[in-house]
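The structure under discussion appears below in the form of structure tokens.
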Amino acid sequence: MTVLVIGGNGMLGTAILRRLRSLGTAARSFDVSPHPDPEVDSRVGDIRQPESLIAACEGVEAVIHNAAVVSQQVAPSPEMYDINVQGTKNVIAACQAQKVARLIYTSSIDVVFDGTPIANGDEDLPYPAKHLDYYSTTKMLAEQAVIGANGEGGLTTCSLRVAGIYGPGDRHRFPRVVQPVLESGLYTRLGDGSARFNHLYATNAAHAHILAADRLFPGSAAAGQCCFITDHAPGNFFDFFPPYLDALGLRYRVRTVPYALARSALTLLETSARLRLLGASQGTALSRYSIEATSRDFWFNAKKAARVLGYAPIVSAEAAFDETLIWLRGWVEAYRAGSA
């Protein structure tokens, strides 16, 4: 089949396209700019513009949609809603207009998170009454739209709730950790180190999406379902990065901020921000989400994905480390040269 990857220029989108092509599957990218790999069938457009989506979906059997604006801001954002929610509704409509059979949506573990610790979470967890940031709310609304469209207009859908993705091409996780180390030699940890979190290698996440595209059809076990996607054993969020820093030969000192102190500091920051602009707690490096998600348990299992998709990670933790480190060395060199 031909698969369209919406958000094909990102870390996950690129990993999905690479995996599809390695399997001999016809793949097409859709993003706001041409794909950097000239061998990729690249379509340029914006998910806020339905006509460009409809054109990109022509002749496609499956769509994998992972385009989104990612932010920890608390206040509602019209742009984030337009892209994450309305853009997803546009994707659904384009699939139906072009008789696309399958839609796989890249959701997030954040859709069920309100700051309450989660240990070994599964799909029985309900959506919370209120999220910690607006991004999580928009991902929930988009997921609900995708699942609600299952069986409508000949479209079969599912949603994959990915954990914290990392790997070559990372624009969020590693840069935010490594940049302060390069600039100040400081690595900051939150909490007492007992909390656990799922990091997920991009190629393993891509593999799960392709399995879903292959196994998604009317009446299948995956149809209309949500699945958490993880790979290797969870560990402390802040224990994950020092092996990379050490392998890079970076010298740094560690600063540990207790959970209670971080919460108190955030309260002061939020109060100060509200004095300047009511409700404006975004723009600070510290957020309620970042504290709760990294200082207390926030991890899941992928048993349902194994059952309905046949999912199991295809890249070991050791291989994922080695592949990420190769890319990270290049990123550090580019950063030092001022071109990252």
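The values are calculated or read from the model by the stated rules, or taken from the named source; none is laboratory data. All values derive from a computational prediction rather than experimental measurement. Because the Cβ atoms are built from the backbone with ideal geometry, glycine has one as well, and the counts that use them run over all protein chains shown.
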Assuming Ala68 fulfils every condition listed in (1) assigned to a loop (DSSP other than H, G, I, E, B); (2) within 15 Å of Val91 (Cβ to Cβ); (3) in contact with a Leu (Cβ under 8 Å, 6 or more places away or on another chain) apart from one, which condition is it? (3)
Of the residues that make up the range 89-112, is at least one among the acidic types (Asp, Glu) and surrounded by fewer than 21 Cβ atoms within 10 Å (Cβ to Cβ)? no
Quick check: is even one residue across the range 60-78 without any contact (Cβ under 8 Å) to a residue 24 or more places away in the chain and not β-branched (Val, Ile, Thr)? yes
Residues being under 20 Å from Arg215 (Cβ atoms) and within 14 Å of the chain's Cα centre (by Cα): count how many of those fall in the range 7-21. 3
The range 326-338, subset exposed (fewer than 15 other Cβ atoms within 10 Å of the Cβ) and of a type in the set (A, V, I, L, M), residue farthest from Pro168 (Cα to Cα): Ala337
Being surrounded by 13 or more Cβ atoms within 10 Å (Cβ to Cβ) and either among the hydrophobic types (A, V, I, L, M, F, W, C) or modelled with pLDDT of 90 or more (or both): is that true of Leu277 here? no
Report whether or not Val254 is more than 29 Å from Ser184 (Cα to Cα), in contact with a strand residue (DSSP E or B) (Cβ under 8 Å, 6 or more places away or on another chain), at pLDDT 95 or above and not aromatic (Phe, Trp, Tyr). no
Out of the residues in the range 309-323 that are part of a helix (DSSP H, G or I) and crowded, with 20+ Cβ neighbours inside 10 Å, which is nearest to the chain's Cα centre (by Cα)? Ala320
From the options Gly224, Gly249, residue that is under 20 Å from Pro180 (Cα atoms) and either assigned to a helix (DSSP H, G or I) or not polar (S, T, N, Q) (or both): Gly249
Checked Thr2, Thr14, Thr25 against criteria (hydroxyl-bearing (Ser, Thr, Tyr) and either buried (at least 23 other Cβ atoms within 10 Å of the Cβ) or on the phi > 0 side of the Ramachandran plot (or both)); the one match is Thr14
Number of positions in the range 227-246 that are part of a strand (DSSP E or B) and not aliphatic (A, V, I, L, M): 3
If you go through the range 165-174 one residue at a time, do you hit one that is touching a His at 6+ places or on another chain (Cβ under 7 Å) and at negative phi? yes
Cβ-Cβ distance below 6 Å, separation of 6 or more or different chains: which pairs start in the range 316-329 with a residue that is farther than 18 Å from Ala340 by Cα and end on one that is at pLDDT 95 or above? Ala317/His232; Ala320/Tyr201
What residue, among those in the range 147-173 that are touching a residue at least 24 places away in the same chain (Cβ under 8 Å), of a type outside the set (Asp, Glu) and farther than 20 Å from Ile16 by Cα, is surrounded by the most Cβ atoms within 10 Å (Cβ to Cβ)? Ala149
Only one of (1) in a loop (DSSP other than H, G, I, E, B); (2) acidic (Asp, Glu); (3) in contact with a Lys or Arg (Cβ under 8 Å, 6 or more places away or on another chain) fails for Asp82. Which number is that? (1)
Among the residues of the range 171-209, how many are outside any helix (DSSP H, G or I), within 26 Å of Ser339 (Cα to Cα) and within 19 Å of the chain's Cα centre (by Cα)? 3
Would you confirm whether or not the range 219-227 contains a residue that is buried (at least 22 other Cβ atoms within 10 Å of the Cβ) and more than 18 Å from the chain's Cα centre (by Cα)? yes
